[in-house]
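Data first, discussion second: the structure below is written as structure tokens.
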Amino acid sequence: MIADAPLFHDLAEGPAGGQAWWLTAADGVRLRLVLWGGGAKGTVFLFAGRAEYAEKYGPAAADLAARGYGTLVIDWRGQGLSDRLIADPVKGFVGKFSDYQRDVDAMLAAAAQLDLPRPWVVLAHSMGGTIALRRLMGTHPFAAVAFSAPMWGVGLPRAIRPFGPVLARMTGSSPFALRYAPGWGPVTFVHRAGFHDNFLTTDPDMWALLLRQVAKAPGLAIAGASLHWVAEAVLECEALADLPAPDLPCHCALGTRERIVPKAPIRDRMAKPAARGACPLRRRRARGDDGRPRDAGAVLRRLRRAVRRQPGLTGRPGGEGKASPFPARSAPPWSKDRFREAQQRPAPGPAGEKRPPGAGGRWPGRFGAPAVLGPVSRVTSAMASVMAREALKA
């Protein structure tokens, strides 16, 4: 059962006709769901990051709607307009990281009730990448997935990194669990630093939008994470790290100037073979011939091509071998020589810029179908900030 919920249309700058509803998770937590319809090509399930809210992705939804895709966004429990879980309304908290899967269950149930156009594709950013990866490990209705700077690890200090899981188990049940994690406090990201020192975006227009949203609707934002949230995130990332990659088409984007989520776990995950085997990772340029970041259309076309190559999709309702929503098409041959040549090709970037050491290494993994991971200096925001302007991280 869903009921109408508020949506700040003027702050979101999303496509016309946006709607919002209240959902109730299985454990009674009230959640806000937002839908921007976009046509019959399919629906993008946007899994936002920590401290984010649906209005933040209005520009992304507009870009997707222009290409015929609807966008469905949920405010995770404890943030946005969804129920806060502790007395301090701006402190990041979750009881168990698995509780986010209850939010996904409610989101999927509402999508089925609304009969949203298929295929359904996941677009996951930062913490949303952790939640999406866990869901994709089991039964799910998705045809493809795109990740933007996914949080597949937590940036702990080097000295305690080897002991992270042990410390997380101790911290999660300690009397200090509800304190802010070191370096955090009751100030939201956009108020912690000026534009030139921020970790979220290099796009001044997007930065100005974030400032307007927080100024006019402060109830949307939360601030730093609690020690308990950090502990739960460490344990979830540790549990996911040893599992094989899901078997479905995937695009993953990681900014070369990413400073919020650690890069090594992302590279390690993309190098893992899928459950049914492995193939060389196909690299693609993250920028077009004009030097601008590739847009939502380029990523969606690539995902559609990858899905078409699959004779069947797994992990979908109905079980093994459910037919693909697109006509099957065989993948083009890739010789070892051609792949090696592509891997040694310098990454695009400003004139005179050298590629960072190790950036040309071979990451021979995939998520079932040909995956894409490119070094990008700016991750576009329309795909959960990978598919339009600049990456928004939280």
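Read the figures in this text as sums done on the coordinates, not as results from a lab. Since the structure is predicted, the reported quantities are computational estimates derived from the model, not experimental observations. Using ideal geometry, Cβ is built from the backbone for each residue, glycine included, and neighbour counts are taken over all protein chains shown.
Which pairs in the list Lys91/Lys263; Lys41/Lys272; Lys216/Lys263; Lys56/Lys91; Lys96/Lys263; Lys96/Lys216 are over 27 Å apart, alpha-carbon to alpha-carbon? Intermediate values should be presented prior to the final figure.
Values: Lys91/Lys263 25 Å; Lys41/Lys272 31 Å; Lys216/Lys263 34 Å; Lys56/Lys91 19 Å; Lys96/Lys263 24 Å; Lys96/Lys216 31 Å.
Checking Cα-Cα distances, Lys41/Lys272; Lys216/Lys263; Lys96/Lys216 exceed 27 Å.
Take Ile86 and Leu243, extend 7 Å from each Cα along the Cα→Cβ direction, and tell me the distance between the two endpoints in nm.
Calculated label separation equals 2.6 nm.
Could you please report the charge total around Gly14, scoring K, R as +1 and D, E as -1 over all other residues with beta-carbon less than 11 angstrom from its beta-carbon?
Details: positive: Lys56; negative: Asp10, Glu13, Glu55, Asp63.
It works out to a net charge of -3.
Determine, for each peptide in 206-212, 22-28, the mean count of other beta carbons within 10 angstrom over its residues, then list the peptides with the highest first.
Details: 206-212: 17.7, 22-28: 15.0.
By packing density, highest mean first, the sequence is 206-212, 22-28.
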